[in-house]
Structures are given as C-alpha cells and as structure tokens.
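Okay, structure first, notes after.
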Amino acid sequence: MAQMYNPKEIERKWQDRWEKSAAFTAEDNSQKPKQYILDMFPYPSGEGLHVGHVEGYTATDIYSRYKRMKGFNVLHPMGWDAFGLPAENYAIKTSVAPQETTDKSINNFRRQIKALGFSYDWSREVGTHNPDYYRWTQWLFTKFFEKGLVYKKKALVNWDPVDQTVLANEQVLPDGTAERSGAKVEKKDLEQWFFKITDYANELEDSLEQLDWPESTKINQRNWIGRSEGAELEFKIDGHQVSIKVFTTRSDTLFGATYLVLAPEHPELLNLKLQITNWDEVETYINEAKNKSDIDRSADGKEKTGVELKGIMAINPANKEEMPVWVADYVLGHYGTGAIMAVPAHDERDYEFAQRFGLPVRQVLEPFYTQETEPGKVKKDMPYDHRNAIIAVVKHWSEDKYIALKWKQVAWVTFVTGGIEEGQTAEEAAKMEIEQETGYTSAELVEDYGLIHGLFYHVPKKVNRVAHAQALLFALKNDSRQEVSAEELEKHEVLWLSAEELKRQLTPGTHQHTLRLMLGTQGPYIGPGILNNSGTFDGMQSEEAKQKITEFVGGKTKTTYRLRDWLISRQRYWGAPIPIVYDPEGKAHSIPEEHLPWMLPTDVEFKPTGTSPLGQSKELLERTERIFGKGWRPEIDTMDTFVCSSWYFLRFADAHNKKEFASKEELNKWLPVDLYVGGAEHTVLHLLYGRFFTKALHDMGYLAFDEPFLRLRHQGLILAVDGNKMSKSKGNVVNPDDIIVEYGADILRLYMMFMGPLEQMKPWNTQNIAGVQRFLERVWRLGTTLRTNEPKLEAKSSSQEALLHRTIKKVGDDIESLKMNTAVSALMILLNECEKEEVSSDTYKIFLQLLAPFAPHIVHELAEKNGVDLAKWPAYDESKLVAKTLIIGVQVDGKLRGSIELAVDAPQAEALAAARVHPAVAKWLNKGEKKVFYVPGKIVSFSTV
RNA sequence: GCCGCGGUGGCGGAAUUGGUAGACGCAAGGGACUCAAAAUCCCUCGACCGCAAGGUCAUGAGAGUUCGAUUCUCUCCCGCGGCACCA
C-alpha cells in the first residue's frame, strides 16, 4: 500500500541528514573544476526571510545542485550583512543591544533558510558584525589608507536628520530624500572619511564591457560613473592675471560662447573680489546658493538665477572677443572645473539663461544630415536614424488625399518662403520658387528623377521657422506613400533644407546627395553639425572641429566623471569602527594590525545626539590612551555598512583564516564568482563598491583577478496578491514559514520557480500553488507504485524516446540559463507522458534525476526507495532528440490550411506531394502555385500570388 | 525630457538564425467515481460566424519588409525601472 506524500516528514529527514553529513561542503582538495555560486547575503531583519529571498536562493540552489551533479566542485556559501540601522534604531526604542537583536534575527534567518533545504556550505558562514570578520574590514581600511585610497576631508555632505548620520551620494534618492529613512536630506559641512573610488572611475567603466551582466545594470553603472570626454579650455580675464578654466564637451562651439559662468563655490571668485564692482550683490548670491540644497537648486521648472560679475570681462580665446562673466547656481561646483563657457545657441541650459538675462546668442553650427542613396536604398551611416521618420505630411497634387512622407522616400525637400503672389496658387508659388532656386523646372525634376510632387499642407508642431512657408516640393524615391488621417497631421515634424543647399546638391546623374537640413525649431540646436561663424573653421564638421579648435586655443583634451568619492563615515553605533586614532596634534594614524580588531565598545547609550555614540565610550578613550599614549583620541565614527559588504565574497574563499582576510591561494582558487544573484536595487551601490574593492586589492597585489562577479542576474520583485508591493503596513506580506508549514519546502521552491522568468516582476498567487502540489503528488504516487508495475524496458516509441532526450537537454539548458520556469514545465510534460503510456522505470529514474535540483527532498526520498543515483546528471543522445516523423503545417498564402505527417528528413518532392493531396490545402491551390517553400521539419508554404 | 526594459486568453506565462501563436499551469464549465462531499480521473476552454465541414479575426495601435511577422524596421500609445541643470 502506497503511503501518502508527507512533505513535513521527508523534508525533516533529509535536512537532518544533509546537516549531519555536511553534505554541501566545498571540497578543499579536488580535481574537479570549481564553480562559485553566490547569493547576495541578506541583512538579517527582524521580519525574517522574504519570499523575494526565497526566489533568488532557490534559483542558485538549483544551479548549485545541478552543477554538482555535472561534476563541479561547488562553493555555495551564505552569510549575514549584519551591521545596520534597524537593529540600532530598535535599541534606541527598547535598549536591547544591537548585538542581541542581530544574533536573534540571524538565528531566525538561518532556521528559515535551512527549512528550505538549500545546499549551502555552512562551514563558511560569516557575519559582518563579528570581530573575526570586521577585524579584516578594518585591516583592509588601513591598507587602503596606506595606499592613499582613503582620505579625510571637510565637505558639504548629505545629512539625514532622522537617522542622524551622513549618507553617501548613492544613498540619496533623486528626489533628495534618504533611501533608508525617507527623510529630506540636508547639507552639512563636516570632516569625513572618503574612499577614493574616483581613482578607479575609468577602469570601472572600461571593464564593464566584458561582464555577463544585465545590460540595464551596466547602463546604470555607466550613468553613475558618467564618463564624459571633452576639453579643458582657458579663458583670460581681461586686464588681470587671473584666468578661468572650463570643461566642455563641445569645443566645436567655442566661437559661439558669449559668456562665462562660474559656480557659486568657485574658488576664483574670492580672488576677483576687488575687481568685481558689485561684490555685495555677488556675495549675497553666493551665500544664498550655499544654503540651498541640491534639490532646490535644480527644482523642476525653476527659473535660472545668476548675477553678473560687473567690472570684469573674459576673453574668448577663439575670436578674442570680450565676454561677460556670471555666477549662477546652474553650474555645479563639484563637476568639471566648476565653470563653463556658455554657448546659448547650442545648449539648452545656456539658451534658457541667455533668454532670461538678455545675453547674446550666436549660432555657429548648422545641422546636417548625410544621406547616401542608391536608387531606393539608404545606407545606415546617417548621423541620425531618421530614415523611417515621417518628416512631413503633404496633400498630393493630383489626388485628393494626404500623404505622410518618410525620410527614406525623399530625395530632397525645400520650402517656399517667398510667399504667394496675388492670383497665384501655393502650387504655382512652389514651382516658381523651386525653379528660381535650382535652375530646374519641376517638370524636369519629374522627368530626370522620376519624382512625385506634393503640396505642403500643414505646419506641424515645434516648427516655427517654417510656419509661414507657403509650399514645398517633394521628391519621392518611390511611390510607397502612406495615407494619413487629419488628426495625425498634428504630430509630424518637418525638416528644412536651404534652397542654396538644394541647388548645390542637385547634380544630375548621381544618386549621392548630402542633404543639409535644419529642424525648424526655435530653441538651441544641440546636435552635431557643420560650423559657420567660426573663422577659418567654417565648413568643418563638429567632430573634427572639437579637436582642431581645442588645439587652436591651446586647450587640452580631458575626461571628466560624474562619480564622486565614496563617503563612508557614519555617526552611528552599529557598524565597524573606523580603525583610526589621532595623535595629540590631531594627525590621523591607522591602527596597527596587532591591535585589530579594533573592538566596538559596548559602554554606550543608543540615544541619538547628532554626534557619534562611540564618543560616549569611556572604554574606547581609555583603550586609545593606554595603547597609543596620553592625549591620543579615537575616531568615533563607524563605517558605512557597504564597506563590510564590499569584500565578503572574498572571505568565503577562506572564511576562518586568522592570519589574512583570505589566503592568496584560496582566493585565486575560488574567485571570481561564477554566478551572482541578487536584487536589482543594488545596481550601483553594492555592485560598484565591490568592483572597486576588487580592483584596488588587485592593484595592491592581493588578487589575481580584477572583476569579482563574472555573471550577474537579478531576481524580480515578488508582488503581493493584490498587485502591490508587499509591505507590513498593507498587511499583504507572504511569510515563507506559513507556506512551508502548509505545503512543504519542495512545493514552495517549485512554485516560486514556476511563477515566471526569474528577472521579471511577478505577483504572488496562492491558488497557483495547487498546480505544483498536484505535480509532486503525482510524482510521489508514481514513485511509490513503480515497483508493483512490470517495467517495460525500452519498448518506447520514437516520439517518446525523443521526448525523454529532449527533456534532458532542455532542463539542463534551462538551468544553465536560469530559465527555471520552462524547465519545470518540461518536467511536467515528461511526467504527463510517463503517466499516459505507463512509465518504464528507466524513464522515471531519469525523470527523478532531472527533478532533483528543484525538489531535492521528495526526489531523495524516492530515489532511495527506487535505487536511483542522484550523484550524476543524465546524458542525452544527440541523435535521439528528434522523432523520426513529425507533423508539420501547410500554408497557402501565409494562412495555415492543414497539416501533414512527414519523416523529419523527407525530401521536398515528397513533402510537396503530400501537401498537395491534403483536401483542405488542395482547394486553395486551384488558382495555381507561383512559389513553394519547404523547410524540413517546419513548414510547407505555397504562394499563389 | 533622456536612457533601458516590457505590453500575448479570465489569470501566471510559452514560443525568436522569421515557419502550425497560446506550451505548461491556474481558474471556469461539463462528465465519471461517491449515499454525498473532498480527493482523483476524463472532456471542453482566444473571439466571432456556422448544425457541421469549415471560415474570418486575433500577440498595445498603425504602417513597412516577406510566400510567411509575437519575432525584423518605423511611427504612435501605455506600464515599469534608472537618470535628470554633469556643460
């Protein structure tokens, strides 16, 4: 009599066994190839494990178990990102020490994770709050300090008034609130410790390319690093020794620079104090700016402000013209040189500012579009991909309809700007003007080029310049016009071609045209173009001009980054103490290795006072004086917890090393991480810092690699049943514990994988659990009754055999690419087939092997009962992947009309013959066949047109 | 505003060197078993027309390329994520 599937019992049994036998310990001495599979370690919050954790951890667990079966030596560790504010805030409320809260949470997390049967190597568990661990965090800090990668400076920093601490730029959201507390971030001028991550800006950008990471994550990092290549140009102040350096990416527009702008923080302002005749006004402005937050300075739709520095003038090095100098807070002090040259004609911000204060606008660029045409073809080397853009709408001359014209259909375009004479139609005016301008009659254009004319009808939005044009002549390359409804007319933009240019380009006998077109918009033109009003540089293209003009004025090319140094000081208690002491003169010294770990003192109150809690510790002060001498003071800030998590993946290689943060040998054996899975919220913070640490340690000679995570994937957010984010306040949180109690770990794991693609955001739906539950129950039933069946040995039909081999291949491939949802569905299909045809025990055994990584408990139990070897992943036979015959569709004119069964390799003649006699097909073929397509194993397609 | 990703049945989602759209599962309807229910098993299940055979439409909307488009190209709409005075 078969027993019922009892997940609770089975799961407890196998979890105990795995625990006792330390079944998943990575092998220290092994000939097998290694595989380091890592989850982002969790912050052990009091709320316990979230289903989002379960999703990611299940995926890596399946991957790890699969890799072990494939013969890899797998390192799959787990640890705790244990420092952080929630435990400290809890301490403030309840006076329970953070240490105690944290350990309790960790125990709960560990219990929950073990209840899911994940195959972690628990012997390598680490917690960042353990002195054994933070001792090495501190040690790394001192090494960075020695290398000059850590420094202290006074800076305007982000201050979180709720959490009472400073924050890194990365921890402030775009709306100016703190990521963690939600408080509005303030500016404070404080002396703080920084990591010099900017030293690595270039490398961090460059090596992104080689990583197998989600493209969006790479782009986020690129944006954050913000590499920008340009030039540094120097502007002399007329009659003084002083000169102002500006950074620009558009030195090609230098001749159009009509004024300079300095940031309010610009140091040169004070040096010019005596020359500036309206200093009072300027000073007031500077002080106002200082008190504004970044958000206020850049508030949406805010009008730009600024004050002219009266009494001084700068000289444009290109044309030696005088230009006024302004101070304005739209220029940022910390980026580039803190000063810009303003080119209002070709920069939106400068344009806006110039309009506001009546400053001159000088246009020095004409936009261009290069189009190389063969008859009917457009090459892909246009600066802008406007080939398919609808550029205008015309009323056709001879037919009464509106036509949308795409750029690729247009050989040239012009507008008639001269107006319409009395008694003249727009059409006639167009013809007249085009004849005057080009020397060709419209009839000749039609004759020579096979073109069609259209009458300009509509003045589209955004186009001011041609708003009063009366008509336009179109020349179409072909006749594939698209009719447009009157409403759609509103939407289109029109490109402008000057009449002279048209004339110049009209060279009969060639199909190469360079068309210079101008967007008929009012604002600045910010794209590349051809220079004018630029002295000897007229006619040159932007790219070339950038370099030439930079040389011409003696500037130098320069690369600038948006990335700023990483502020790591925190005025909080629950973190790793910064291992620095100050001598009586106030000079900072790193704490020598023999005094590490530099213990976090315990004699402190947790009430926030705005200064670091460590400052209250008598013990810390006494310790410092005892070790270093009278008058020495300890640093009382702690480190950002992101420092702790920037190297934990290294520690796992050698988690209990007492002499080093990890031995070189172990590091280079296990690292880099082969697969890293975690939430997308870490796209810049943790992942950038971890890369920075790795590169810095590589350069110091500790690591043989310089990228920590070769392959990265994010798990998608799990939404609540109601489609909202899960949150305690909404009461819609799903607790993994509850699901395990009700269904068991295997069902939860399988359900989470079956929900959908790993990286996608997916809503939780308890109802759907029934599907995987039934599946496992059927697996169980089949497994427990198997012995009572007479196994039918390999009496399988070709199609069933093909299914088995295809499933082996598919499940393996899907695990490799983390498409767990389709792997589960393939397993379901195989099981369905097994049940239908009365399973052979061999097929079922292979099925169990395939299911093992997904639902390890039930499979181990059934494998034990049925004598299945779970140490090996089954192999498939390439030659058996395809059934000998299969059913393919027959189309006539693209519509499916029937299907026929054919041998996979049936020759075309046979396939066509079979298709033609199919009655449903035959009746559509009476018009006669024009063309036939046969793709073996896929389709037969007839065309009658 | 810019960049990136996405939009497929009642629902979660399958399907890409372009080749039978809707795999697998949930829900729903019908049936078998049962005194009854649960569980289990079988059948139906994109929309419309039709007794049926069959046909028409259908992957956010519109167009294009193709014998053939969820897949490639373009325009537009909507959702999500990131960036947003970075010169």
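Among the residues of region A:124-156, those that are without any contact (Cβ under 8 Å) to a residue 60 or more places away in the chain and within 20 Å of A:H656 (Cα to Cα) comprise A:G127, A:N130. Could you give every pair whose Cβ atoms fall below 8 Å, whose first residue belongs to region A:882-909 and is closer than 11 Å to A:W924 by Cα, and whose second residue is surrounded by fewer than 13 Cβ atoms within 10 Å (Cβ to Cβ), counting only separations of at least 6 or pairs across chains? Every condition considered, the pairs that remain are A:D893/A:V945; A:R897/A:A920; A:G898/A:P919; A:G898/A:A920. Taking region A:925-945 as the range and being closer than 12 Å to A:Q891 by Cβ and either of a type in the set (A, V, I, L, M) or more than 13 Å from RNA strand B (Cβ to nearest atom) (or both) as the test, the residues that pass are A:L925, A:V932, A:V935, A:I939, A:V940.
In this structure, does A:D706 turn out to be modelled with pLDDT of 90 or more, under 25 Å from the mean Cα position of the chain (by Cα) and not in a strand (DSSP E or B)? Yes, satisfied. Looking across region A:713-752, the residues that are within 11 Å of RNA strand B (Cβ to nearest atom), under 20 Å from A:A855 (Cβ atoms) and of a type outside the set (V, I, T) come down to A:L750, A:Y751, A:M752.
Of the numbered criteria (1) in a strand (DSSP E or B); (2) open to solvent by 10 Å² or more (accessible area, probe 1.4 Å), the one A:V74 fails is (2). Just name the residue that is farthest from RNA strand B (Cβ to nearest atom) out of those in region A:764-781 that are surrounded by fewer than 19 Cβ atoms within 10 Å (Cβ to Cβ) and farther than 19 Å from A:I846 by Cα. That would be A:T766. Sort out which residues of region A:314-365 are near RNA strand B (Cβ under 8 Å from one of its atoms) and on the phi > 0 side of the Ramachandran plot, and write them in order of number. Residues satisfying the conditions are A:G336, A:G338. Taking residues in region A:328-354 that are small (G, A, S), and partners anywhere that are open to solvent by 10 Å² or more (accessible area, probe 1.4 Å) and within 7 Å of RNA strand B (Cβ to nearest atom), the pairs with Cβ atoms closer than 6 Å and at least 6 places apart or on different chains are A:G336/A:F247; A:G336/A:T560.
Does A:A922 count as out of contact with any strand residue (DSSP E or B) (no Cβ under 8 Å at 6 or more places or on another chain), free of Cβ contacts under 8 Å to residues at least 60 places away in the same chain and away from RNA strand B (no atom under 12 Å from the Cβ)? Against the criterion (out of contact with any strand residue (DSSP E or B) (no Cβ under 8 Å at 6 or more places or on another chain), free of Cβ contacts under 8 Å to residues at least 60 places away in the same chain and away from RNA strand B (no atom under 12 Å from the Cβ)), A:A922 does not qualify. Only one of the numbered conditions (1) of a type in the set (S, T, N, Q); (2) open to solvent by 40 Å² or more (accessible area, probe 1.4 Å); (3) within 21 Å of A:F642 (Cβ to Cβ) is violated by A:N107, and that is (3). Taking the conditions exactly as written (within 12 Å of RNA strand B (Cβ to nearest atom) and closer than 29 Å to A:T694 by Cβ), does A:S216 satisfy them or not? Taking the combined requirement at face value, the residue satisfies it.
Looking only at region A:681-691, count every residue that is surrounded by fewer than 21 Cβ atoms within 10 Å (Cβ to Cβ) and either touching an Asp or Glu at 6+ places or on another chain (Cβ under 8 Å) or of a type in the set (K, R) (or both) and tell me the total. Residues meeting the conditions: 2. For region A:539-565, filtering for residues that are within 15 Å of RNA strand B (Cβ to nearest atom), not acidic (D, E) and not in a loop (DSSP other than H, G, I, E, B) leaves 11. Of the numbered criteria (1) in a loop (DSSP other than H, G, I, E, B); (2) open to solvent by 20 Å² or more (accessible area, probe 1.4 Å); (3) more than 25 Å from A:K809 (Cα to Cα); (4) not basic (K, R), the one A:L49 fails is (2). For region A:601-628, the set of residues classified as without any contact (Cβ under 8 Å) to a residue 40 or more places away in the chain and part of a loop (DSSP other than H, G, I, E, B) consists of A:P601, A:D603, A:V604, A:E605, A:S617, listed by residue number.
Within region A:348-360, the residues that satisfy the criterion of being of a type in the set (D, E, K, R) and open to solvent by 30 Å² or more (accessible area, probe 1.4 Å) are A:E348, A:R349, A:E352, A:R356.
The values are calculated or read from the model by the stated rules, or taken from the named source; none is laboratory data. In this text the structure is predicted, and so the values were computed from the model without any measurement. Please note: Cβ atoms are built from the backbone with ideal geometry, for glycine as well, and neighbour counts cover all protein chains shown. Just the protein is used for accessible areas: all its heavy atoms, side chains included, with ligands, DNA and RNA removed. Shrake-Rupley method; radii C 1.70, N 1.55, O 1.52, S 1.80 Å.
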